[in-house]
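So the structure is just underneath, and the comments pick up after that.
The values are calculated or read from the model by the stated rules, or taken from the named source; none is laboratory data. Quick caveat, the model's predicted, so the values are computed rather than measured. Please note: Cβ atoms are built from the backbone with ideal geometry, for glycine as well, and neighbour counts cover all protein chains shown. Each accessible area value is taken on the protein alone, full model and side chains, heavy atoms only, with ligands, DNA and RNA left out. Shrake-Rupley method; radii C 1.70, N 1.55, O 1.52, S 1.80 Å.
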Amino acid sequence: MMKKLITLLFATLFATLALAQEAPDALVKQVTEEVLEIVRKDKSIQNGDARKAIDLVDAKVIPHFNFHHMTALAVGKDWRKASPQQQQQLAAEFKTLLVRTYSNALTSYKDQKVVYKPFRMNAGDTDVLVRTEVLQPGNKPVQLDYSLEKLDAGWKVYDVNVAGISLVTNYRDQFGQEIRNGGIDGLIKAIAAKNKSLEGNLVKADGK
Amino acid sequence: MTDKLTTWKRRAGVGMVAGMIALAGPALADEALHDPLEGFNRAMFAVNEGLDAVAVKPVAQVYDFVTPLPVRAGVGDFFGNIADVRNALNNTLQGKLGDAATDLGRLLINSTVGIFGLFDVASELGLEKHDEDFGQTLAVWGWDDSSFVFWPLVGPKTVRDTGGLIVDIYSDPTWATINKSVAVRNSLVVLRFVDVRADLLPTDKVVEEAALDKYAYVRDAYLQRRRNQIFDGRPPRLEDVLD
């Protein structure tokens, strides 16, 4: 009992000392609640202001993501064929696309609540799964899980799972298709073209 | 009228099973690809997109617009309660008797205290809701790999889950026991269909914007979601390419 107490005390102490080294579950909770709090108060995001949602995600969520790893996971075994420069370009385009998707989910916010599932990790773990659930009135709860890894800069998310669907690996077949057709550069072009058309929609919405 | 419909249902069932057997052939030859029927599937996907745009989605949008949230919640809970029959049955078939007991407890509480299932009281009491169907049972029994098939109106399935759906329909109280009143049954089936489609409305935009190839995006999402359901939300990890 005493041992547990001391461990707890130290855990709390360290958590307060270094925010970057915060426990992964606490990090997910803190970021989620912070973002939801903003969305709850922001009528324009709730009414579908995609630009504003993107800015919010960029500022609050993205710093906690490892896009290099995410893109590698999305591309799969062809990732090794890409040069460092191509990898960088891919990660940048993929980031734009994912931010867009993620922000979109925020604009359809309707009184959802997030429940945090019990989390356990061992002292030396560097790769963990933080499980949450999104509750929405009249709908089934949706499982929302984050895979995090421990880097020097702290815990970073490298995969997001919605109802068991990885937003990252769900791209693998589509990316493979593009690589078969036009190589790594073909894939970079394809994602860039997609981003451009989405940006076009945004500009149209701004004009309204 | 009842006879005609029953015959139609049987015929559709037999047709689907026959189709399933025919489709199972090529699937075995090329399991690694998961989508040996891609040509057929893409054609059906296009048909479904057309049907959805002109008939299904507009209805779901109107329903979504006119139905106040408490009513929507009631409709969702009502069909969720009926689904607990399927959950209990399939948990039993998968040997998860504790879960099956929870499902039956939920059914009992929600059908009574929850007024015919309109309120999900059981969840508030802490009885966890499950999500089981016969396709998952077949997977647990060993049919864990199956080719993807896309059906108009029904949507994404695998060959296995198409067979599972037929069994689910036969064991579904909405289809079976209310058979005495075809009008009531049909209204319920249509209402559930529209309600499910309306639930998916926010997803539409996300998929539309996220996908490079909408068909492939939907297919892979379906296959991932099913894997997750089969393992009750805790699928074993797949290998990481960076390791």
query: Among (1) part of a strand (DSSP E or B); (2) within 13 Å of the chain's Cα centre (by Cα), where does A:S103 come up short?
result: (1)
field: Test for B:D168: is it within 14 Å of another protein chain (Cβ to nearest Cβ) and among the acidic types (D, E)
entry: no
- prompt: Among the residues of the stretch A:112-129, is there at least one that is open to solvent by less than 70 Å² (accessible area, probe 1.4 Å), at the interface with another protein chain (Cβ under 9 Å from one of its Cβ atoms) and either touching a Gly at 6+ places or on another chain (Cβ under 6 Å) or closer than 28 Å to A:S44 by Cα (or both)?
  reply: no
message: Residues that are in contact with a Pro (Cβ under 9 Å, 6 or more places away or on another chain), within 30 Å of A:T96 (Cα to Cα) and modelled with pLDDT of 90 or more: does the stretch B:206-214 have at least one?
response: no
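Could you check the stretch A:8-84 for helices (runs of 4 or more DSSP H) lying wholly inside it with 2 or more residues that are modelled with pLDDT of 90 or more and either buried (at least 19 other Cβ atoms within 10 Å of the Cβ) or more than 14 Å from chain B (Cβ to nearest Cβ) (or both)? Before the answer, list the steps.
Details: elements: A:24-41, A:43-46, A:50-60, A:67-75.
The qualifying helices (runs of 4 or more DSSP H) are A:24-41, A:50-60, A:67-75.
When you go through A:I191, A:I179 one by one, which is the residue that is in contact with a Lys or Arg (Cβ under 9 Å, 6 or more places away or on another chain) and either hydrophobic (A, V, I, L, M, F, W, C) or surrounded by fewer than 16 Cβ atoms within 10 Å (Cβ to Cβ) (or both)?
On the way: A:I191 fails: in contact with a Lys or Arg (Cβ under 9 Å, 6 or more places away or on another chain).
Just one listed residue meets the conditions, A:I179.
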- line: Quick count over the stretch B:85-116, residues being assigned to a helix (DSSP H, G or I) and without any contact (Cβ under 8 Å) to a residue 40 or more places away in the chain, is 18
query: Under 7 Å by Cβ, and 6 or more places apart or on different chains, what pairs join a residue from the stretch B:184-202 that is under 21 Å from A:Y109 (Cβ atoms) with one that is among the β-branched types (V, I, T) and open to solvent by less than 60 Å² (accessible area, probe 1.4 Å)?
result: B:D195/B:V75; B:R197/B:V56
message: Quick check on my filter: what residues within the stretch B:39-85 are within 14 Å of chain A (Cβ to nearest Cβ), charged (D, E, K, R) and either open to solvent by 70 Å² or more (accessible area, probe 1.4 Å) or farther than 23 Å from B:D131 by Cβ (or both)?
response: B:R42
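When residues of the stretch A:130-139 are filtered for being within 13 Å of chain B (Cβ to nearest Cβ), touching a helix residue (DSSP H, G or I) at 6+ places or on another chain (Cβ under 8 Å) and surrounded by 16 or more Cβ atoms within 10 Å (Cβ to Cβ), how many remain? Don't jump to the end; show me each part of the working.
Taking the stretch A:130-139 first, the residues within 13 Å of chain B (Cβ to nearest Cβ) are A:131-139.
Then drop every residue that is not touching a helix residue (DSSP H, G or I) at 6+ places or on another chain (Cβ under 8 Å), which leaves A:132, A:137-139.
In the following step, the residues that additionally are surrounded by 16 or more Cβ atoms within 10 Å (Cβ to Cβ) were identified as A:132, A:138-139.
Residues in the stretch A:130-139 being within 13 Å of chain B (Cβ to nearest Cβ), touching a helix residue (DSSP H, G or I) at 6+ places or on another chain (Cβ under 8 Å) and surrounded by 16 or more Cβ atoms within 10 Å (Cβ to Cβ): 3 in total.
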query: If a residue has to be of a type in the set (F, W, Y) and open to solvent by 10 Å² or more (accessible area, probe 1.4 Å) to count, how many in the stretch B:145-164 make the cut?
result: 1
